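Each remark here refers to the structure printed beneath this line.
The values are calculated or read from the model by the stated rules, or taken from the named source; none is laboratory data. The shown structure was predicted, so the numbers you read here are calculated from the model rather than taken from an experiment. Note that each Cβ is placed from the backbone with ideal geometry, even for glycine, and that neighbours are counted across all protein chains shown. All accessible areas refer to the heavy atoms of the entire protein, side chains included, with ligands and DNA or RNA removed. Shrake-Rupley method; radii C 1.70, N 1.55, O 1.52, S 1.80 Å.
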Amino acid sequence: MDFYYLPGSAPCRAVLMTAKAVGVDLNPKLLNLMSGEHLKPEFLKINPQHTIPTLVDNDFSLWESRAIMVYLVEKYGKNDSLYPKCPKKRAVINQRLYFDMGTLYQRFAEYYYPQIFAKQPANPDNYKKMEEAVGFLDTFLQGKTYAAGDTFTLADITLLATISTYECAGFDLNKFPNVLKWFEHCKTIAPGYDINQSGCDEFKKYFSK
């Protein structure tokens, strides 16, 4: 399977960890967004939204990281532990996936990306929203080991990719003890966390200028 990605991207790293968890080998294809490779006709045929990550499994192409993660588990997973078939368990995992996409990762992007890519000044209101998002996660994790239920799931993988990105940006996680405890634990058990960490190290260059 071809996998179009950038190593620094949190959504791309979440897919890489999922692939590792289900034992799938991806054929990585670096896509240079700065030079416009994602806008070339051959890539637009694969993904008209021209976004990463994008997966191509034979004649099937798919984008949006969380959709890719679910696809990999449902097609290639040896069991349903990462994405249980129980409707209630799955519903909680889905909520966390959507929370990551629409709140936790979104607010990170709204605060940091204008600074990184448009050289705009920091917006303190957006920083407060980012802190609020991590606070929500801290509440979700109160008294719990994992983000959605009693076992490690796709919810943990996607949130782990995002929180590790917060960390590499210099965000202080010490104010959120439940998140910090969960984060340190998941680092030790997540399949492919070394891949995630190397991507974070690559992304960190944007915050050391």
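Over every pair of different alpha-carbon atoms in region 55-117, take the mean of 1/r and invert it; report that Kirkwood radius in Å.
13.6 Å
Between region 18-60 and region 105-149, what is the separation of their alpha carbon centroids in Å?
26 Å
Can you give the FRET efficiency for Asp2 and Glu202, using 1/(1 + (r/R0)^6), R0 = 35 Å, r = Cβ-Cβ distance, to the nearest 0.05?
E(calc), rounded to 0.05, equals 0.95.
For the chain, set up a GNM with springs between Cα atoms under 10 Å and report which of Ile195, Ile68, Ile163 has the largest fluctuation.
Evaluated over the chain, the most mobile residue of the options is Ile195.
Rounded to the nearest 5, what is the percent of antiparallel bridges among the DSSP beta bridges in the chain?
Close to 65 percent.
Name the residue, out of Leu97, Leu44, Leu137, whose mean-square fluctuation peaks in a Gaussian network model built on the chain with Cα pairs under 10 Å.
Leu44
Quick one: net charge around Tyr98, please, counting Lys, Arg +1 and Asp, Glu -1 for every other residue with C-beta under 13 Å from its C-beta.
Charge balance near Tyr98 sits at +1.
What is region 2-76 by shape, rounded, prolate or oblate, if you read a ≥ b ≥ c off the alpha carbon gyration tensor as root eigenvalues and call it rounded for a/c under 1.5, prolate for a/b larger than b/c, and oblate otherwise?
The shape class here is prolate.
In terms of the Cα gyration tensor, with a ≥ b ≥ c the square roots of its eigenvalues, is the chain rounded because a/c is under 1.5, prolate because a/b exceeds b/c, or oblate?
Judged from the Cα gyration tensor, the chain comes out oblate (a/c at least 1.5, b/c at or above a/b).
Anyone know which of Pro191, Pro124, Pro11 comes out most mobile in the 10 Å Cα GNM of the chain?
Judging by the Gaussian network model, the answer is Pro124.
Which cross-chain or sequence-distant (5 or more) residues have an amide H under 5 Å from the amide H of Asp2, H modelled 1.01 Å from N in plane?
It is Asn27, Val56, Asn58, by chain and number.
Taking only protein heavy atoms into account and a 1.4 Å probe, give the accessible area per residue of the chain in Å².
Here the residues of the chain average 50 Å² of exposed surface.
In deg cm²/dmol and to the nearest 500, what is the mean residue ellipticity at 222 nm of the chain if only DSSP H runs of at least 4 residues count, each as -39500 (n - 2.57), divided by the residue total?
Helix-only estimate at 222 nm: -17000 deg cm²/dmol.
Which of the cysteines found in the chain have nothing to pair with, since no other Cys Cβ lies under 4.7 Å from theirs?
Flagged as lacking a Cys partner: Cys12, Cys86, Cys186.
May I ask for the Rg/Rh ratio of region 87-205, computed from Cα atoms with Rh as the Kirkwood radius, given to two decimals?
Answer for region 87-205: 0.96.
How far apart, in nm, are the 7 Å Cα→Cβ label points at His185 and Asn27?
Placing both labels 7 Å beyond Cα along the Cβ direction yields 4.0 nm.
Any lysines with Cα under 24 Å of the Lys175 Cα? List them, leaving off those in the same chain fewer than 8 positions away.
Candidates past the 8-residue exclusion: Lys128, Lys129, Lys144, Lys187, Lys204.
Computing the accessible area with a 1.4 Å probe over protein heavy atoms, can you report the carbon and sulfur percentage for region 88-209?
52 percent
With a Förster radius of 41 Å, plug the Cβ-Cβ distance of Asn123 and Ser35 into 1/(1 + (r/R0)^6) and report the FRET value to the nearest 0.05.
0.90
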